[in-house]
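Sharing a structure here in structure tokens format.
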Amino acid sequence: MHAITRSGWIEVISGSMFSGKTEELLRRLRRAEIAGRSVGVFTPAVDDRYGETTIGSHAGRQWEATVVDNEGEGPRDILDDRPIAEVIAIDEANFFSNALVDVCETLADGGSRVIVSGTDQTFRGEPFEPLPQLMATAEYVDKLQAVCSECGEPASRNQRLIDGAPAHADDPTILVGAAESYEARCRDCHVLVTGRSDD
Ligand code: ADP
Ligand code: MG
Ligand code: ZN
């Protein structure tokens, strides 16, 4: 992938959790480094699953990253990280506010190759901002699939489990620190509890 040579551009890597987004991001970073490009790697402050200052894949690989405040105008701090790298990677983009869209546009306009990775659906199966906007404005989009944990078919959805049971549709979209877990599931196996929870 590299048809554009005279300007920057945006690449989005999306799909469900466990679909290999971070692995693919790290693969592209390794290749950029081999090619002698300067790289800048950013991760949201909310995501401390693999330690505070790295991005990490479920398969165990990691890369040093600068932690950025993901809320409000926080993503604009990425623009203040000088010198601006030739290749800029942003993982877990779904945790960032919509200010990230403008940040990516500014970086690409300025000549950087911007690689953004994040899940495109909430646990309800709805579009998860800012990924939909990023996917629309990007030059390149790859949507990856995981393996459905129930039936083994390609999975594109995030199944949230609270104490092992499917989550309720009314639960908040971002629920950090709760006794929750996630599985990758296909459309058929994805379960969302609706209706009043005290029925
Ligand atoms: P993402 O960033 O999309 O959440 P990662 O790149 O961190 O994904 O991890 C992908 C890796 O997760 C796979 O290579 C595999 O080793 C592991 N994995 C665990 N569960 C699954 C699953 N249900 N489907 C696919 N890969 C899985
Ligand atoms: Mg990831
Ligand atoms: Zn399934």
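Provide the per-residue ³J(HN,Hα) series for segment 151-156, in order, calculated from phi with Karplus coefficients 6.51, -1.76, 1.60 and θ = phi - 60°, each as a whole number of Hz, with x at glycine and proline positions.
Using θ = phi - 60°, the values come out as 10, x, 7, x, 10, 10 Hz.
Also, I was wondering about something else. State in Å² the accessible area per residue of segment 9-144; use a 1.4 Å probe, count heavy atoms of protein chains only, and round to the nearest integer.
Per residue, segment 9-144 has an accessible area of 43 Å².
Residue by residue, what Karplus-based ³J(HN,Hα) values in Hz, rounded to whole numbers, does segment 66-77 have, using 6.51, -1.76 and 1.60 with θ = phi - 60° and x for Gly and Pro?
Each residue's phi maps through the Karplus curve to give 8, 7, 10, 4, 8, 9, x, 8, x, x, 5, 4 Hz.
Just to confirm the number: angle between the C-alpha axis of helix 21-34 and the first principal axis of the chain, 0 to 90 degrees, nearest 10?
Taking the Cα atoms of the chain, the angle to 21-34 is about 10 degrees.
Under a plain spin-label model, where a point goes 7 Å from the Cα along Cα-to-Cβ, how far apart in nm are ALA165 and THR194?
1.9 nm
Follow-up. Tell me what the chain gives for mean residue ellipticity at 222 nm when only DSSP H runs of n ≥ 4 count, each as -39,500 (n - 2.57), the sum divided by the residue total, rounded to 500 deg cm²/dmol.
Details: 3 runs with 32 residues, N = 199.
Here the helix-only value at 222 nm equals -5000 deg cm²/dmol.
I would also like to ask the following. Using 0.36 nm per residue, how much length does the chain from ARG82 to ILE174 gain when fully extended, once their Cα-Cα distance is taken away? Walk me through the numbers on the way to the answer.
Values: separation 92, 0.36 × 92 = 33.12 nm, distance 3.07 nm.
Stretched fully, the ARG82-ILE174 segment lengthens by 30.0 nm.
Then there is this: In whole percent, what relative contact order does segment 9-144 give with Cα contacts below 8 Å and a gap of six or more residues?
This gives 37 percent for segment 9-144.
Next up: Once phi is turned into ³J(HN,Hα) by the Karplus curve 6.51 cos²θ - 1.76 cosθ + 1.60 with θ = phi - 60°, what whole-Hz value does each residue of segment 39-44 show in order, with x for glycine and proline?
Karplus-based 3J(HN,Hα) across segment 39-44 equals 10, x, 10, 10, 9, x Hz.
Among rounded, prolate and oblate, which fits segment 9-144 when a ≥ b ≥ c are the square roots of the eigenvalues of its C-alpha gyration tensor, a/c under 1.5 means rounded, and a/b larger than b/c means prolate?
Cα axes put segment 9-144 in the rounded bin.
Could you sort the peptides 59-70, 91-102, 120-131 by per-residue average Cβ neighbour count (10 Å cutoff), highest mean leading? Please report the intermediate quantities before stating the final value.
Numbers: 59-70: 15.7, 91-102: 22.4, 120-131: 19.7.
Highest-to-lowest ranking by the protection proxy: 91-102, 120-131, 59-70.
On the protein heavy atoms, probe 1.4 angstrom, tell me the percent of accessible surface of segment 100-171 carried by carbon and sulfur.
Carbon-and-sulfur percentage of accessible area, whole number: 45.
Here's another thing I want to ask about it. What span do the alpha-carbon atoms of segment 75-137 cover on each of the three principal axes, reported in whole Å from largest to smallest?
39, 19, 15
Quick one: angle between helix 99-109 and the longest Cα principal axis of the chain, in degrees between 0 and 90, rounded to 10, please.
30 degrees
The values are calculated or read from the model by the stated rules, or taken from the named source; none is laboratory data. Source: prediction; values computed, not measured. Reconstructed Cβ throughout: ideal geometry from the backbone, glycine too, with neighbour counts over all protein chains shown. These area figures cover heavy atoms from the full protein model, side chains too; ligands, DNA and RNA do not enter into them. Shrake-Rupley method; radii C 1.70, N 1.55, O 1.52, S 1.80 Å.
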